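Asker: Can you read through this structure? Questions will come right after.
The values are calculated or read from the model by the stated rules, or taken from the named source; none is laboratory data. Owing to the predicted nature of the structure, the values given are computational and were not obtained by experimental measurement. Don't worry about glycine lacking a Cβ; one is built from the backbone with ideal geometry, like all the others, and counts go over all protein chains shown. Each accessible area value is taken on the protein alone, full model and side chains, heavy atoms only, with ligands, DNA and RNA left out. Shrake-Rupley method; radii C 1.70, N 1.55, O 1.52, S 1.80 Å.
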Amino acid sequence: MVKCSICGKQAIYVDKVTGKGFCKNHFISRVEKTVEETLLQALGQSSLEKSTICVAVSGGKDSTSLLYILKKLSDRYEFKVQALSIDEGIEGYRDLKIPFIEKVSRKLGVNLHVRSFREEFGLSLDQMFEILSEKGLEIKPCTVCGVFRRYLLNRIAYSLGADYLATGHNLDDEAQVLLLNIIRGSIVNIAREGGVSSPRIHERFIPRIKPLYRLTERETALYAYLNNLLPPFAECPYVVFASREVVRRWLNSLEEENPGTKIRLIGVKETLQKAISRKIGDRALRLKTCKICGEPSAGEVCKFCQLREYLGI
Ligand code: SF4
Ligand code: ZN
């Protein structure tokens, strides 16, 4: 029997990198401490105090756990927490998650703001996918989903006067995105996709923070389970289109054979980020203003406006 390395009780979790075991209570406090340290390291205590953090809640285990932990920390560090959720309009998936997000937010006493694609853009993601397929355009639903969701989250957070937009990306997500950016040769994205936070690179861009990014998916799943935060099981029907899946499986098998691969990749990413930022300068990382909608954009016209044009909305 593996014992908790702190109190000697039976361990429920063993960290494969260090070989240390943790009992339920010490596992929970270790996860919360990691999030706290990540936040403090990213923002510093003074920036955290009196700030408003909007949490993007998808109704998955990661973002739900994030909302729960940030709410716990908000009293100690005197920041405000609001929850944002986007209903993309995916039948049999999103409609199961929204009631769960409402229930958790109510229980935590957090204000929840839900916006839907249908209300904001006149079409659900399901309808958008149909239109794109009819037009023979090979644009994946995940591309439309991601672009429109990020656009809305930023706009809502900006309208609420948020200082930061927190997302539930974990260590696995970060390592996968790093590999995808390398495969695509997106050097600027490696520097821009801050693992912890990205600075205010446009006056309308709400800086992102990823407080879970030092925790593996396995750890966030166990944390959610131990705190009764597991959402109803539902898988997005479009997951087969997600280009990450292959990278995810490959990375998991590497981690299995060489524990610590993911955290080492994140270390490499942080070193790369500093080197790239020094080389290309902060100005290159700044976003432009979309000449159609006025929102932050990498190019002259943002991806959101380009997709709207394809969809005819
Ligand atoms: Fe959106 Fe794709 Fe994720 Fe489904 S799998 S929620 S379409 S990004
Ligand atoms: Zn635009």
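Asker: Which entries of LYS50/LYS288; LYS33/LYS61; LYS210/LYS288 have Cα-Cα distances beyond 27 Å here?
Answerer: The pairs that break the limit, which is 27 Å between Cα atoms, are LYS50/LYS288.
Asker: Can you tell me what share of the DSSP beta bridges in the chain is antiparallel? A percent to the nearest 5 is fine.
Answerer: 25 percent
Asker: Just check the stretch 46-311 against the gyration tensor rule for me: Cα atoms, a ≥ b ≥ c as the square roots of the eigenvalues, rounded for a/c under 1.5, and otherwise prolate or oblate depending on whether a/b exceeds b/c.
Answerer: Taking the square roots of the gyration eigenvalues as a ≥ b ≥ c, the stretch 46-311 is rounded.
Asker: Please compute the Cα-Cα pair-distance distribution of the stretch 124-280 with 5 Å bins starting at 0, giving whole percents from short to long.
Answerer: Per 5 Å bin, starting at 0, the Cα pair percentages come out as 1, 7, 13, 18, 19, 19, 14, 7, 2, 0.
Asker: In the stretch 208-305, which GluC sites (Glu not before Pro) fall in coil by DSSP and have 11 or fewer other Cβ atoms within 10 Å? Each step should come with its number before you reach the end.
Answerer: Working: sites: GLU217, GLU219, GLU235, GLU245, GLU255, GLU256, GLU257, GLU270, GLU300; in loops: GLU235, GLU300.
Filter output for the stretch 208-305: GLU235, GLU300.
Asker: Relative to the longest principal axis of the chain, what angle (0 to 90°, nearest 10) does the C-alpha long axis of helix 94-108 take?
Answerer: That works out to roughly 50 degrees.
Asker: Determine which residues of the stretch 198-229 fall in the zone a paramagnetic label at GLN10 would reach in this model, i.e. backbone nitrogen under 17 Å from the point 7 Å along Cα→Cβ.
Answerer: Answer for the stretch 198-229: 226.
Asker: With N denoting the number of residues in the stretch 1-118, provide Rg(C-alpha) divided by 2.2 N^0.38 Å, to two decimal places. It would help to have the intermediate numbers written out before the result.
Answerer: Values: Rg = 17.2 Å, N = 118, 2.2 N^0.38 = 13.5 Å.
Dividing the Cα radius of gyration by 2.2 N^0.38 Å gives 1.28.
Asker: Okay, next question. Identify the GluC sites (Glu not before Pro) of the stretch 1-90 meeting these criteria: DSSP loop state and at most 13 other C-beta atoms within 10 Å of the C-beta.
Answerer: Sites meeting the loop and neighbour criteria: GLU49, GLU78.
Asker: Taking only the alpha carbons of the stretch 14-53, what extent do you get along each of the three principal axes, in Å, biggest first?
Answerer: 37, 19, 13
Asker: Select from VAL81, VAL31, VAL247 the residue whose mean-square fluctuation is largest in a Gaussian network model of the chain (Cα-Cα springs shorter than 10 Å).
Answerer: Greatest mean-square fluctuation among the candidates belongs to VAL247.
Asker: Between LYS33 and ILE182, what is the spin-label point distance in nm, taking each point 7 Å from the Cα along the Cα→C-beta axis?
Answerer: Reported label-point gap for LYS33 and ILE182 is 3.1 nm.
Asker: Would you work out the Kirkwood radius for the stretch 248-313? I mean one over the mean of 1/r across all pairs of different Cα atoms, in Å.
Answerer: 15.2 Å
Asker: Can you pull the accessible area of MET1 for me, 1.4 Å probe, Å² to the nearest 10?
Answerer: Around 150 Å² of this residue is reachable by solvent.
Asker: Now for a separate question. Once you place label points 7 Å from the Cα toward the Cβ at ASN252 and HIS202, how far apart are they in nm?
Answerer: Calculated label separation equals 3.4 nm.
Asker: Continuing with this model, one more query. Dipole of the chain, Cα-centred, from +1 at each Lys and Arg C-beta and -1 at each Asp and Glu C-beta, to the nearest 20 debye?
Answerer: 880 debye
Asker: How far apart, in nanometres, would the label points at GLU120 and ALA298 be if each is projected 7 angstrom from Cα along the Cα-to-Cβ direction?
Answerer: For the pair GLU120/ALA298, the computed spacing is 1.9 nm.
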